[in-house]
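Chemist: The structure under discussion is supplied below as structure tokens; questions concerning it will follow.
No value in this document is a laboratory result; all are computed from the given coordinates. Fair warning: this is a prediction, and the values are worked out from it, not measured in the lab. Here Cβ is always computed from backbone atoms with ideal geometry, including for glycine, and neighbour counts include all displayed protein chains.
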Amino acid sequence: MILRKYIPPFFNLQFLQLCLSSFLFFASFNMIIPELPDYLSNLGGEEYKGLIISLFTLTAGLSRPFSGKLADKIGRVPVMIFGASVCFFVSLLYPLISSVAGFLLLRFFHGFSTGFTPTGIAAYVADIVPFNRRGEAMGLQSLFSSLGMAAGPALGGFIGDLYGITPLFYCSSAVATISILLLVKLKETVPHKEPLQLAHVYLKKNEILEKRVFPPTFVLFFSYLSFGIVLTIIPDFSAFLEIQNKGIFFAVFTLSSLIIRLLAGRASDKYGRIPVLKLATLCLASAMTAIAFSQSSEMLLFSGILFGFAIGMTSPTIAAWTIDLSLHDYRGRALATMYIALEAGIGIGALASGWIYANKSENFPWVFLIGTAGALIALIFLLSYKPSIKPGQQPD
């Protein structure tokens, strides 16, 4: 009875299945990330490290308009299953590739996974959760995603060190399989879904982006430049600081974001999205600056905690703000637009950081300070932004 008091009313079996599937999905593709730079170098593609993340996010971004439209037309569940299935198949193919071009092609196709599943997840949560609990619900759901992002790299680094990268790829595929099995059990939330048609993959000009959600997508883009930088450069920076497990930074920053996600989600429901995001962008600028000047493993991991706080506040608050501004019939499109900004930020951050770093350790500080600049741009925008829809006010 006491425990029930602290459990949100929307946290039922359906929501739990979605959260567990989300945990496994994010663990699946994140568990291989710490080992991919060395794997690509062994294939002879050391100079293409920046493409590991940017190719992945490019495909994800390009596929978002399609996943958003399909989520609105054929349902949330098929869209989620398709994305998780991509993780399953592509992870099985990695060990069969022995060329740099083949590896980069697989990274390109692997991006379809995050182009589809997260769009379906966010739309599904918005469908089953009351308007005034969206921030809290997105925070709770993203907590499970973050656990997957934390467990994935840490477990992947352990498996890679102990057994090598080929068994790691197979483990990634197995985890994606369990995620799919949980999704199959979910009840569809689109009341009048349509059978898949060729017309569903044809996009009109006004179906690509949802203009109503441009303010949160602007903030998200400049905030997530840092995420692309971290994903690309931290493995090498960890090795430079003589940290053996290259996934430990990812585990630290993700775990530090867990509790803050719940608090930030509830705070954004109560006080508004903008105040929470102002604090988040300020924290992000501080974190990236601290990483830039880290000279020890202790300082880097402390910076990771700050980075986790920033991401933990940003992610659920941006998602809730996007849903606030969206129309019900085009919720999938709105969330797809949000994720396009996310993928663009990550991809451009990854590509720019790989180019500036150029495998020269003296360039590390400059790379991370790009993230600082991006966070400050987002903060300046928030300080000048005048919201047209207040928290708790339904869009027209």
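Chemist: Using the C-alpha gyration tensor of segment 240-367, what are the square roots of 5 times its eigenvalues, in whole angstrom, with the largest one first?
Modeler: Taking √(5λ) for each eigenvalue gives 30, 18, 12 Å, largest first.
Chemist: Spelling out what I want: for every residue of segment 373-379, take phi, set θ = phi - 60°, compute 6.51 cos²θ - 1.76 cosθ + 1.60 (Karplus), and round to whole Hz; glycine and proline get x.
Modeler: Along segment 373-379, the couplings run 4, x, 5, 5, 4, 4, 5 Hz.
Chemist: Once you compute Rg and the Kirkwood Rh from C-alpha atoms, what is the Rg to Rh ratio for segment 8-59?
Modeler: Using only Cα positions, Rg/Rh for segment 8-59 is 1.25.
Chemist: Hey, another quick one. Express the Stokes-Einstein translational diffusion coefficient of segment 42-163 in µm² s⁻¹, to the nearest whole number, given a Kirkwood radius over alpha-carbon pairs, 10 °C and a viscosity of 1.306 mPa s.
Modeler: 99 µm²/s
Chemist: When the Karplus curve 6.51 cos²θ - 1.76 cosθ + 1.60 is applied with θ = phi - 60°, which whole-Hz ³J(HN,Hα) does each residue of segment 59-66 get, with x for Gly and Pro?
Modeler: 5, 4, x, 5, 8, 4, x, 5
Chemist: Using θ = phi - 60° and the Karplus curve 6.51 cos²θ - 1.76 cosθ + 1.60, what whole-Hz ³J(HN,Hα) does each residue of segment 282-295 get, with Gly and Pro shown as x?
Modeler: 5, 5, 5, 4, 5, 5, 5, 5, 5, 4, 4, 10, 5, 10
Chemist: Please list log₁₀ I(q)/I(0) at q = 0.11, 0.12, 0.19, 0.25 Å⁻¹ for segment 216-305, using the Debye equation with identical point scatterers on the alpha-carbon positions.
Modeler: -0.34, -0.41, -0.92, -1.33
Chemist: Just list whichever of Lys49/Lys360; Lys187/Lys211; Lys211/Lys270; Lys73/Lys204 have alpha carbons separated by over 18 Å in the model shown.
Modeler: Flagged as over cut-off: Lys187/Lys211; Lys211/Lys270.
Chemist: What base-10 log of the normalised intensity I(q)/I(0) is obtained for segment 200-262 from the Debye formula, alpha carbons as equal point scatterers, at q = 0.24, 0.25, 0.30 Å⁻¹?
Modeler: Debye curve over Cα of segment 200-262, log10 I(q)/I(0) at q = 0.24, 0.25, 0.30 Å⁻¹: -1.03, -1.07, -1.18.
Chemist: Please state the equivalent ellipsoid semi-axes for segment 75-126: what are the square roots of 5 times the Cα gyration tensor eigenvalues, largest first, in whole Å?
Modeler: Each semi-axis is √(5λ); the values are 27, 9, 6 Å.
Chemist: Also, I was wondering about something else. At most 10 other Cβ atoms within 10 Å and a DSSP loop assignment: could you name the trypsin sites (Lys or Arg not before Pro) in segment 329-367 that fit?
Modeler: Here the sparse-neighbourhood loop sites are Lys360.
Chemist: To continue, here is another question. Taking GluC sites (Glu not before Pro) as candidate sites, keep only those in a DSSP loop with at most 13 other Cβ atoms within 10 Å, then name the longest stretch of the chain containing none of them.
Modeler: 1-187
Chemist: List the aspartates and glutamates whose alpha-carbon lies under 17 Å from that of Lys193, not counting same-chain residues fewer than 8 positions away?
Modeler: List returned: Asp72, Asp127, Asp329.
Chemist: When semi-axes √(5λ) of the Cα gyration tensor in Å is calculated directly from the model, which label among (i) 104, 27, 19; (ii) 46, 25, 19; (iii) 30, 25, 20 fits?
Modeler: (iii)
Chemist: Can you give the longest stretch of the chain with no exposed loop site, where a site means chymotrypsin sites (Phe, Trp or Tyr not before Pro) in a DSSP loop (not H, G, I, E or B) with at most 11 other C-beta atoms within 10 Å?
Modeler: With a cap of 11 other Cβ atoms within 10 Å, the longest stretch comes to 7-201.
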